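Student: After the structure tokens below, expect a handful of questions from me.
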Amino acid sequence: MPNTMLSFKHLLRPVLGGEERKSWCLLLLRKMMNGCNLVDNDSAVAGGVEDMYGEDIATMGQPVTPWTVSVASGYTLMRDPRHNKGVAFTERERDAHYLRGLLPPIVLSQELQEKRIMHMLRQYKVPLQRYMAMMDLQERNERLFYKLLIDNVEELLPVVYTPTVGEACQKYGSIFRRPQGLYISLKEKGKILEVLKNWPERSVQVIVVTDGERILGLGDLGCQGMGIPVGKLSLYTALGGVRPSACLPITIDVGTNNEKLLNDEFYIGLRQRRATGQEYAELLHEFMSAVKQNYGEKVLIQFEDFANHNAFELLARYSSSHLVFNDDIQGTASVVLAGLLAALKLLGGTLADHRFLFLGAGEAGTGIAELIALEMSKQTGNPIEENRKKIWLVDSKKPLIMALSNPTSQAECTGEEAYTWSEGRAIFASGSPFDPFEYDGKVFVPGQANNAYIFPGFGLGVIMSGAIRVHEDMLLAASEALAAQVTGEHFKKGLIYPPFSDIRKISANIAAKVAAKAYELGLASHLPQPEDLVKYAENCMYSPVYRTYR
């Protein structure tokens, strides 16, 4: 009996949760009391734990249960991306968590691991290869992925976000390896709440959702638009410090009108034309209701890359009942307004002194124009209708040019074209990055009017204040906070946005201003209000540094 109990104790390794360990304990005790062997001598796997569900003796046509209550081991720990440290596990950790022999003998620090992977990434000449390598890293070692992204944000942002994410979405069916979020299709109509409960995390604070109809400037990519929510949420963590476990990417698949995808044998979505009208509205309403029921009043739902006709309607319909935010309408507007406010220090005057011309009136353009008009009203006290009349002309003497369409191939013009056309007078910013350009002996550094400046910090401010609704004044606060981060040194280089290398500091300041406005408007639920909101924001931020395991 003592020997039996020793082996029994060894099986109940500390990696198991309390309830799981209790269930396993009762099962083993029952078997021992009945005189049964723990080892199945007839199993095809010699020396293995008993084949409880008959997988080893079942024929190929017989159904088997695909999971069992298993004995946790170091092997399991190494395949858990949230806790895996690879060869950074210490000697003590290797002994305590049954990792001996499962790793090579060397112990490398997280910093050395980071250096090794950056060296590997720089060997790839094709951006999509870098994207796939980063996604593989995220799936096997979460903390190392975010450490890499935070420490090398200017180099890796174009890899995990625009422009490379656009190509990844176009080829998502071919490069698809492992699901990274929830897929909700028309097949799940009537049981969306059950689908949400399949997601393992319960404390979700941010959801980024798309229906894939208007992915960047690439059009209808259907179910393959999942790359956008995944990419956006990786930035929520890296740039805004929101915990990875609190982030949930979702794609709603109602079909696609993209003939190329419908005829692609590797397409991963529904092979039907898009549902519209009542069928579409009912699915979205069920989704919004289920999210609120499952995650509560304070989960932030960010609409991403919906077509114009749905984007404005969804935002209008749910802004009074849910905590919703449309990045294409409101996020783009906020980051562009921040650039305008910063540019006024170079252009002179107030917003109301200038005229603005937009090429197109889609989600981004309309949202930007409306937020500019709101800021004018705030500054001058004039009715918003009067301010709207000023948003259609352009000052051709010192133009501010914002080529916002993504990815880079879809930009309205390049930095080189803007500087050359204006003979070096233009202040230029774009949605995707452009290389520096020399004109008439002066080097111009194109700015990046990237939503990544706004939404991570905005989301953190909403979360840390416990806001229950998004108010337009919170967007204005985010714009003003971002503009305040632009210094004289930045202006000398022609920049109207600060460098991304300071993004976590920038996000903390944005979060503080957004939270302060939420408290001021009576929309915050986390009381009392912290005295130093910037410091509080920094303390709330997720750190990707490896933890020590006992």
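Student: From the list Y280, Y318, exactly one residue is closer than 26 Å to Y453 by Cβ and free of Cβ contacts under 8 Å to residues at least 40 places away in the same chain. Which is it?
Tutor: One residue alone meets the criteria, Y318.
Student: Next question. Name the single residue, out of those in segment 201-213 being modelled with pLDDT of 95 or more and not aliphatic (A, V, I, L, M), that is most open to solvent (accessible area, probe 1.4 Å).
Tutor: That would be Q205.
Student: Within segment 443-450, identify whether any single residue is open to solvent by 10 Å² or more (accessible area, probe 1.4 Å) and in a loop (DSSP other than H, G, I, E, B), and answer yes or no.
Tutor: yes
Student: Which helices (runs of 4 or more DSSP H) sit wholly inside segment 191-262 and have at least 2 residues that are among the polar types (S, T, N, Q)?
Tutor: In segment 191-262, 227-238 are the helices (runs of 4 or more DSSP H) which contain 2 or more residues that are among the polar types (S, T, N, Q).
Student: Based on what the data block shows, is F428 outside any strand (DSSP E or B), crowded, with 23+ Cβ neighbours inside 10 Å, in contact (Cβ under 8 Å) with a residue 24 or more places away in the chain and of a type in the set (F, W, Y)?
Tutor: no
Student: Among the residues of segment 362-382, what is the count of those that are touching a helix residue (DSSP H, G or I) at 6+ places or on another chain (Cβ under 8 Å) and either open to solvent by less than 30 Å² (accessible area, probe 1.4 Å) or among the acidic types (D, E) (or both)?
Tutor: The number of residues fulfilling the criteria is 12.
Student: Of the conditions (1) under 20 Å from the mean Cα position of the chain (by Cα); (2) under 21 Å from L374 (Cα atoms); (3) part of a loop (DSSP other than H, G, I, E, B), Y542 satisfies every one except a single condition; which number is it?
Tutor: (2)
Student: Let me ask something else. Is it the case that A484 is under 30 Å from E438 (Cα atoms) and assigned by the TED database to the domain that holds V335?
Tutor: yes
Student: Do we find a residue being in contact with a Lys or Arg (Cβ under 6 Å, 6 or more places away or on another chain) and open to solvent by less than 20 Å² (accessible area, probe 1.4 Å) anywhere in segment 181-194?
Tutor: No: zero hits.
The values are calculated or read from the model by the stated rules, or taken from the named source; none is laboratory data. Please read all numbers here as calculations on a predicted model, not as lab measurements. Note: ideal-geometry Cβ built from the backbone for every residue, glycine included; neighbour counts use all protein chains shown. Protein only, heavy atoms only, side chains kept; ligands, DNA and RNA dropped before computing areas. Shrake-Rupley method; radii C 1.70, N 1.55, O 1.52, S 1.80 Å.
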